[in-house]
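The block underneath contains the structure these notes are about, expressed in structure tokens.
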Amino acid sequence: MAFSLTVNGHRHTVDVAPDTPLLWVVRDEIGLKGTKFGCGAGLCGACTVHVNGQPARSCSTPVEMVDGADITTIEGLMSEGQLHPLQQAWIDEGVPQCGYCQSGQIMTAAHLLANNPSPSREDIVTAMTGNLCRCGTYARIVAAVEAVAG
Ligand code: FES
């Protein structure tokens, strides 16, 4: 069945089963590998993308639910060849350890700052609670978000 999505500003039509997770559409049909598979059950946040500006767990979002939607992935945060300020802060603060969960972490942080440009530390911790990191980079994640926040 055909579904149309706008991903990072580009229109795509994919022919997949309606229950195909958005994660696999993004990775395998569209070829954007920055969005990661962690738990596959909506629990870890590694697969976070934005759907119409809202964070969503792409592993548990069937493509039929996002037909016609505007999707942003980690690759789409860059603009005009420049890293998003959060991506730069992640580098400057040396946030990642293994790095696997970090694209999902950044997508959640980007949504926070888009809605609250000057979050408190508590706001940041609360917003990031649903994104798990087995390496325990949480303190550096907070520092990187604070570096970008006004
Ligand atoms: Fe989607 Fe864990 S892989 S929430």
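Every number in this text was worked out from the coordinates using simple rules, so none of it is lab data. Worth saying up front: this structure is predicted, and the values here are computed from it rather than measured. Here Cβ is always computed from backbone atoms with ideal geometry, including for glycine, and neighbour counts include all displayed protein chains.
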Charge dipole of the range 1-128 about the Cα centre (unit charges at C-beta), most positive-ward option of Ala89, Val63, Thr73: Ala89
Extended-chain gain in nm, criterion 0.36 nm per residue less alpha-carbon gap, Thr129 and Asp67: 19.5 nm
Please report the relative contact order for the range 2-77, taking Cα pairs under 8 Å with a sequence separation of at least 6, and give it as a percent rounded to a whole number. 39
Name all residues of the range 107-150 having a backbone nitrogen under 14 Å from the label point set 7 Å from the Cα of Ser60 along its Cα→Cβ direction, giving them as ranges. 130-132
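For a Förster distance of 25 Å, can you work out the FRET efficiency between the beta-carbons of Cys39 and Gln82, rounded to the nearest 0.05? If you can, show how the numbers build up before the last one.
Values: r = 32 Å, r/R0 = 1.28.
So the FRET efficiency works out to roughly 0.20.
I need the Kirkwood Rh of the chain: take the reciprocal of the average 1/r across all distinct C-alpha pairs and report it in angstrom. Don't skip to the end; give the middle numbers.
Values: mean 1/r = 0.0646 Å⁻¹.
This gives a value of 15.5 Å.
Please report the relative contact order for the range 85-148, taking Cα pairs under 8 Å with a sequence separation of at least 6, and give it as a percent rounded to a whole number. Spell out each step's value before the answer.
Values: 52 pairs, mean separation 33.6, N = 64.
Relative contact order of the range 85-148: 52 percent.
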